[in-house]
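These notes concern the structure reproduced below.
The values are calculated or read from the model by the stated rules, or taken from the named source; none is laboratory data. All figures in this text were calculated on a predicted structure; none of them were measured in a lab. Here the Cβ positions follow ideal geometry from the backbone for every residue, glycine too, while neighbour counts run over all protein chains shown.
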Amino acid sequence: MTGPEHYREAERLLAESRTILRPHDEGHCEADRLIAEAQVHATLALAAATAMQAPVDDCAAGMTVEEWDAWYRAAGTKSQPKGGADRG
(Lines give C-alpha, C1' and ligand atoms only; values in the text may rest on other atoms or scores of the structure.)
Protein backbone atom coordinates (compact mmCIF):
# COMPACT_ATOMS: atom_id res chain seq x y z
CA MET A 1 0.00 0.00 0.00
CA THR A 2 1.37 3.43 -0.90
CA GLY A 3 1.36 6.47 1.37
CA PRO A 4 -1.61 8.05 -0.40
CA GLU A 5 -3.49 4.74 -0.21
CA HIS A 6 -2.87 4.61 3.56
CA TYR A 7 -4.12 8.20 3.80
CA ARG A 8 -7.35 7.40 1.95
CA GLU A 9 -7.86 4.20 3.98
CA ALA A 10 -7.51 6.15 7.23
CA GLU A 11 -10.16 8.62 6.02
CA ARG A 12 -12.45 5.77 4.95
CA LEU A 13 -12.15 3.97 8.29
CA LEU A 14 -12.83 7.13 10.27
CA ALA A 15 -15.90 7.85 8.15
CA GLU A 16 -17.12 4.29 8.70
CA SER A 17 -16.60 4.61 12.47
CA ARG A 18 -18.81 7.72 12.47
CA THR A 19 -21.69 5.72 10.98
CA ILE A 20 -21.45 3.22 13.83
CA LEU A 21 -21.28 5.70 16.69
CA ARG A 22 -24.56 7.26 17.73
CA PRO A 23 -25.13 10.12 20.18
CA HIS A 24 -24.89 8.90 23.80
CA ASP A 25 -23.51 5.51 22.65
CA GLU A 26 -20.18 5.21 24.44
CA GLY A 27 -17.38 2.77 23.67
CA HIS A 28 -18.78 0.79 20.77
CA CYS A 29 -16.15 -1.93 20.14
CA GLU A 30 -16.35 -1.93 16.33
CA ALA A 31 -16.02 1.85 16.11
CA ASP A 32 -13.06 1.71 18.49
CA ARG A 33 -11.40 -0.92 16.28
CA LEU A 34 -11.96 1.16 13.14
CA ILE A 35 -10.55 4.28 14.79
CA ALA A 36 -7.45 2.37 15.93
CA GLU A 37 -6.97 0.93 12.45
CA ALA A 38 -7.38 4.40 10.93
CA GLN A 39 -4.67 5.70 13.27
CA VAL A 40 -2.29 3.00 12.02
CA HIS A 41 -2.97 3.90 8.38
CA ALA A 42 -2.53 7.61 9.13
CA THR A 43 0.81 6.87 10.82
CA LEU A 44 1.95 4.78 7.85
CA ALA A 45 0.94 7.58 5.47
CA LEU A 46 2.98 10.06 7.52
CA ALA A 47 5.96 7.70 7.55
CA ALA A 48 5.73 7.28 3.77
CA ALA A 49 5.55 11.03 3.16
CA THR A 50 8.46 11.67 5.53
CA ALA A 51 10.60 8.93 3.99
CA MET A 52 10.19 10.47 0.53
CA GLN A 53 12.26 13.44 1.70
CA ALA A 54 15.36 11.33 2.44
CA PRO A 55 17.85 10.43 -0.30
CA VAL A 56 18.10 6.65 -0.79
CA ASP A 57 20.66 4.78 -2.91
CA ASP A 58 22.00 7.97 -4.50
CA CYS A 59 18.52 9.09 -5.57
CA ALA A 60 17.52 12.71 -5.04
CA ALA A 61 15.26 13.48 -2.11
CA GLY A 62 11.70 14.54 -2.82
CA MET A 63 8.73 13.30 -4.78
CA THR A 64 8.39 12.58 -8.45
CA VAL A 65 5.57 14.27 -10.33
CA GLU A 66 3.59 11.01 -10.22
CA GLU A 67 4.06 10.68 -6.44
CA TRP A 68 3.07 14.31 -5.87
CA ASP A 69 -0.05 13.81 -8.01
CA ALA A 70 -1.00 10.73 -5.95
CA TRP A 71 -0.66 12.70 -2.70
CA TYR A 72 -2.57 15.62 -4.22
CA ARG A 73 -5.47 13.32 -5.14
CA ALA A 74 -5.43 11.61 -1.72
CA ALA A 75 -5.13 14.68 0.48
CA GLY A 76 -7.25 17.02 -1.63
CA THR A 77 -4.88 19.94 -1.21
CA LYS A 78 -5.14 23.03 -3.36
CA SER A 79 -2.20 23.59 -5.65
CA GLN A 80 -0.45 26.94 -5.27
CA PRO A 81 1.73 28.56 -7.92
CA LYS A 82 5.42 28.86 -7.09
CA GLY A 83 6.09 31.85 -4.91
CA GLY A 84 3.11 31.55 -2.56
CA ALA A 85 -0.45 32.75 -2.58
CA ASP A 86 -2.88 32.43 -5.45
CA ARG A 87 -2.62 35.40 -7.77
CA GLY A 88 -5.78 34.88 -9.73
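Quick one: which of Ala60, Ala49, Ala45 is at pLDDT below 75 and among the aliphatic types (A, V, I, L, M)?
Details: Ala49 fails: at pLDDT below 75; Ala45 fails: at pLDDT below 75.
From the options Ala60, Ala49, Ala45, the qualifying one is Ala60.
Sort out which residues of the stretch 70-88 are at pLDDT 70 or above and either over 19 Å from Ala10 (Cα atoms) or touching a helix residue (DSSP H, G or I) at 6+ places or on another chain (Cβ under 9 Å) (or both), and write them in order of number. Give the steps one after another, and end with the answer.
The first filter runs over the stretch 70-88 and keeps only residues at pLDDT 70 or above, leaving 70-76.
Once the filter is applied, which keeps residues that are at pLDDT 70 or above and either over 19 Å from Ala10 (Cα atoms) or touching a helix residue (DSSP H, G or I) at 6+ places or on another chain (Cβ under 9 Å) (or both), the stretch 70-88 yields Ala70, Trp71, Tyr72, Arg73, Ala74, Ala75.
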